[in-house]
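Every number here is computed from the coordinates shown, using simple stated rules; none is lab data. Please read all numbers here as calculations on a predicted model, not as lab measurements. Heads up, the Cβs are rebuilt from the backbone with ideal geometry, glycines too, and the neighbour counts pull from every protein chain shown.
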There are 4 protein chains.
Amino acid sequence: MVKPHTKNIPISPEIRIGGKDIIFIAGPCAIESYRQARDIAMAMRKAGLHIMRGGAFKPRTSPHTFQGLGKEGLEILRQVADEFGLLVITEALSVEHLPLVMEYADIIQIGSRNMQHFPLLWAVGETEKPVMLKRGFMSTVEEWLLAAKHITTRGNPNIILCERGIRTASDAGSNTLDVNAIALLKETCPYPVIADPSHGTGRSDLVLPAAKAALAAGADGLMVEFHPHPPQALSDKEQAVALEVLPQFVEEMRALAGVLGREIV
Amino acid sequence: MVKPHTKNIPISPEIRIGGKDIIFIAGPCAIESYRQARDIAMAMRKAGLHIMRGGAFKPRTSPHTFQGLGKEGLEILRQVADEFGLLVITEALSVEHLPLVMEYADIIQIGSRNMQHFPLLWAVGETEKPVMLKRGFMSTVEEWLLAAKHITTRGNPNIILCERGIRTASDAGSNTLDVNAIALLKETCPYPVIADPSHGTGRSDLVLPAAKAALAAGADGLMVEFHPHPPQALSDKEQAVALEVLPQFVEEMRALAGVLGREIV
Amino acid sequence: MVKPHTKNIPISPEIRIGGKDIIFIAGPCAIESYRQARDIAMAMRKAGLHIMRGGAFKPRTSPHTFQGLGKEGLEILRQVADEFGLLVITEALSVEHLPLVMEYADIIQIGSRNMQHFPLLWAVGETEKPVMLKRGFMSTVEEWLLAAKHITTRGNPNIILCERGIRTASDAGSNTLDVNAIALLKETCPYPVIADPSHGTGRSDLVLPAAKAALAAGADGLMVEFHPHPPQALSDKEQAVALEVLPQFVEEMRALAGVLGREIV
Amino acid sequence: MVKPHTKNIPISPEIRIGGKDIIFIAGPCAIESYRQARDIAMAMRKAGLHIMRGGAFKPRTSPHTFQGLGKEGLEILRQVADEFGLLVITEALSVEHLPLVMEYADIIQIGSRNMQHFPLLWAVGETEKPVMLKRGFMSTVEEWLLAAKHITTRGNPNIILCERGIRTASDAGSNTLDVNAIALLKETCPYPVIADPSHGTGRSDLVLPAAKAALAAGADGLMVEFHPHPPQALSDKEQAVALEVLPQFVEEMRALAGVLGREIV
């Protein structure tokens, strides 16, 4: 059951995050081409999903790897989303990028490495856009909620939290998806909580069971990376789920959501 | 679905761990009295459960806290289990205790702090009793499987793994239940995997959602601590679930197991 | 002995970081007033030190704590430093702040939470100012050196690394000063390495022994927080060393540096 | 300066741990042969050292690696130590081994994996032998001191603590030597504290700087693994320092100890 005190964040007239519905956000790690993005959007539409993710400005650990298509990536993402009636979430990497990203996105994503980049929190706090705040990969829940407060004290109440795995001593994936944190937040905090099992595991073969675990722990949504041809993905290829699996993945989530008294959208 | 390659560990003529059934082990952290143990065993029987846990020799961080009833605890546990037709799992703390514990237990538990106490692994490796090997609270999966090998190379193949949470930087509970490890083991390893959401969270309010997450990730069973009066428990009272909640807890697990194609026993 | 391959970063005609000399950077966590800053600068001058630190824009976990004096803080810091012939290091919190901070600082500090805020790395990479890059508090050395590369590939080779403690399971301080990382970097990497035992321990009573450990492990410098009245400090009061201790602290460092074949400046 | 409240643990009429002297324990990871052990003992004698380490029963993560020579290893260790007038420290792996180990050793070592193996703590607590209690590689200082209390409450006050590195997210060595813990213990606890920079780094090239850092942080002694031919060592070869380096290693420690007002023995 959805906790009665969870806030309802309106994304569009039809779509809200934090209610009985479980939001299934899908899309590629990075927008690579119109063709790649369109294939994914079409598959999402067929599966009954509504919010598409896709990175245009990619924060990459090494300066020598693919950094995203930039503004062109935003344009492609918006175009294919509009074509299939989808909403868009994408990351704002810094204060300077924010005005540009706001033109294209329905939800602004704050990335894990920026959870405590306070100038960016203040800047999105001065807008009214829904903000998805990813947990720092080494942050406590307390620090995460204080980061959210940096946003809300500037006036924007539309916070969605995203648990995306933490760095631990475990070797079961590149991160450890913290289902305890999901359960704790659903007990104690009014914001909707989304889980990102793609970064939360870092391994495509673990994404589906981790997604189920997140839902079972109480998550209000999922964000999962798909790619038409994972071995050729320009970023995060180890964790991308093959697009052809998407319908089956969504079906298994629907069955699980049903027994939890909820519905996937 | 249960993974087809998972080994089936026979505990009794009727009960096996690692098949389609999901084993729900319940019981107190420590056996405190005949009355306490009997109340729990009776509730378990009514709920259709089959394996009872209970500590007699308790490995406690501080020497000034309750260390268990010792042999008397074993006797009480066996007595109430027999009264209600239950099987028994309890911890062998060291090589010297092993012969005594083997008289009373159907499954020998190796505790988290003893995962790499090799003389004990060798000793249980020379028996044929089913062994539940708990993961060290900051051990990798690789180290865990090597510890299992210390047992199997001595001749005992009846290994059940138990994920019980790892120490991390998260503040969402005293440990972080590693659902990724459960999912990984179900992909790659033949041993049945049980989850302990009581130690895996350390907070009674998180035990139910964490238990659901573990099942959804693929666990073959659960081990949960219950107590008739948690505030008066002599050990681990923060994480004990009230016994009166047990029927509802089991019901929610049954519904979840159903959608996963499995059944709680 | 200083490693022969360490780069020499010129800060002024007289002061270089990375040579035989060990740089002892001191100052308050945050600039609170002209009086506070001047007292510290005067004590530093008397002790023969040359580089003063002090925060003007403070990245604070909670939005409800002191966030720094802002531009006024920069002005005070520069004024007292000039009065006593000191050089200045202070943090640039974001790309927007950078031009302002560059007017006042001789060394730009990139804070731990910003180690992977790539737009800021790119921006300082396009200047010629010396940059002190603090390690993320749960980052690997590999990620840290890749962050440095984000700066150098834009053209600025003047990198100073600062080890400031990592988040671990230890309860000996709020962080664990990673002396292994200092030793490793001195074996393998050309950048000078400074240690911050104030954040590296989070406890004023551990700062002196941790500072000694850092030097003994091979550090090319130290950055230590002092305050005239630690209990009244507006930020980080648990870790501030009392200003009256500064002369003795520096003396102990000088003795230790001597036996290592180096000299404190 | 040695902290005035540190207890003095007598090992022999001449040697005490916890006073002004800094004890330098050396030896191989595992005793491999009479020749190997004798070469090391001879080099130790020449360098003025007094306590030799060497493993006979090795607790190894994998069951397929060298597990030590067992009783023969103890005999060799005692023989070469007596030949060169050295004292002996070696590990008791379990309660069953303890009587045997007590015949050969002057100090009983409790290994990191056994820090919370309470039956063994109780057993050494009932002897009067000096006990070196290694910190669990994932334990807090609080848990460590409570483990020491499990020994002292049984009657044995002769505790020596050994910091040997903790598991962290750092990639600078296989463990992180926790110098903060050394400093904290010297502030707050009466037991002498030894550092093990061999396990504390896991890399032979980092052992010397880490050893210096430990002394500078206040350690009362060191335990360092040497081997005549590290590439041929049967265990822990990555971290063994070449025996030919021992004289120079000890000399550098003597110089450092001198500036700290102490002396290496």
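Descriptive notes on the structure:
- Convex hull per residue volume in Å³, alpha carbons only, for chain A: 115
- When peptides C:227-239, D:44-56 are ranked by their average number of other Cβ atoms within 10 Å per residue, the highest-first order is D:44-56, C:227-239.
- Take residue A:187, move 7 Å from Cα toward the beta carbon, and the resulting point lies 3.0, 3.3, 4.4 nm from the same point in each other copy, nearest first.
- Taking B:205, D:82 and counting other C-beta atoms within 10 Å, the order from fewest to most: D:82, B:205
- If you wrap the tightest convex hull around every Cα atom of region C:87-181 and split its volume per residue, you get 98 Å³.
- Within the straight-line cut-off of under 18 Å between alpha carbons, the aspartates and glutamates reachable from residue A:237 are A:32, A:39, A:196, A:205, A:225, sequence neighbours fewer than 8 places apart in one chain being disregarded.
- Using θ = phi - 60° and Karplus 6.51 cos²θ - 1.76 cosθ + 1.60, couplings along region C:190-197 (whole Hz; Gly, Pro as x): x, 7, x, 10, 9, 10, 10, x
- For region B:152-234, the fraction of C-alpha pairs farther apart than 17 angstrom is 49 percent.
- Other protein chain Cβ atoms within 10 Å, averaged over every residue that makes up C:184-195: 2
- Using a 7 Å Cα-to-Cβ projection, residue C:157 label spacings across copies, nm, ascending: 5.6, 6.2, 6.4
- Sequence-distant residues sharing a close amide H with residue D:172 (under 5 Å, placed H): C:141
- Copies compared at residue D:126 - label distances in nm, ascending, label defined 7 Å from Cα in the Cβ direction: 2.1, 7.2, 7.4
- Reach of residue D:129 by Cα under 25 Å, taken over lysines that are not fewer than 8 positions away in the same chain: D:3, D:7, D:20, D:58, D:71, D:149, D:186
- Taking every residue in B:204-212 and counting other chain Cβ atoms within 10 Å of its Cβ, the average works out to 6.
- For region B:1-143: relative contact order, % (alpha-carbon pairs under 8 angstrom, 6 or more apart): 17
- The protein assembly as shown - share of DSSP beta bridges that are antiparallel (%, nearest 5): 10
- Mean separation of Cα contacts under 8 Å, 6 or more apart, over the residue count of chain A: relative contact order %: 21
- Residue of chain B nearest the B-to-C rotation axis [by Cβ], rounded angstrom distance: B:169, 4
- Mean separation of Cα contacts under 8 Å, 6 or more apart, over the residue count of region C:128-197: relative contact order %: 33
- Projected area, mean over directions - region A:51-120, Cα convex hull, nm²: 4.7
- All distinct Cα pairs of region A:1-148 go into the 1/r average, and the inverse of that average, the Kirkwood radius, is 16.0 Å.
- Residue-normalised convex hull volume from the C-alpha trace of the protein assembly as shown: 154 Å³ per residue.
- Between B:214, B:30, B:43, the Gaussian network model of chain B with springs among Cα atoms under 10 angstrom shows the greatest mean-square fluctuation at B:43.
- Simple Cβ-charge dipole of the protein assembly as shown, Lys/Arg +1 and Asp/Glu -1, about Cα centre, in debye nearest 20: 0
- Euclidean distance of C-alpha centroids, region A:147-179 and region B:1-63, integer Å: 35
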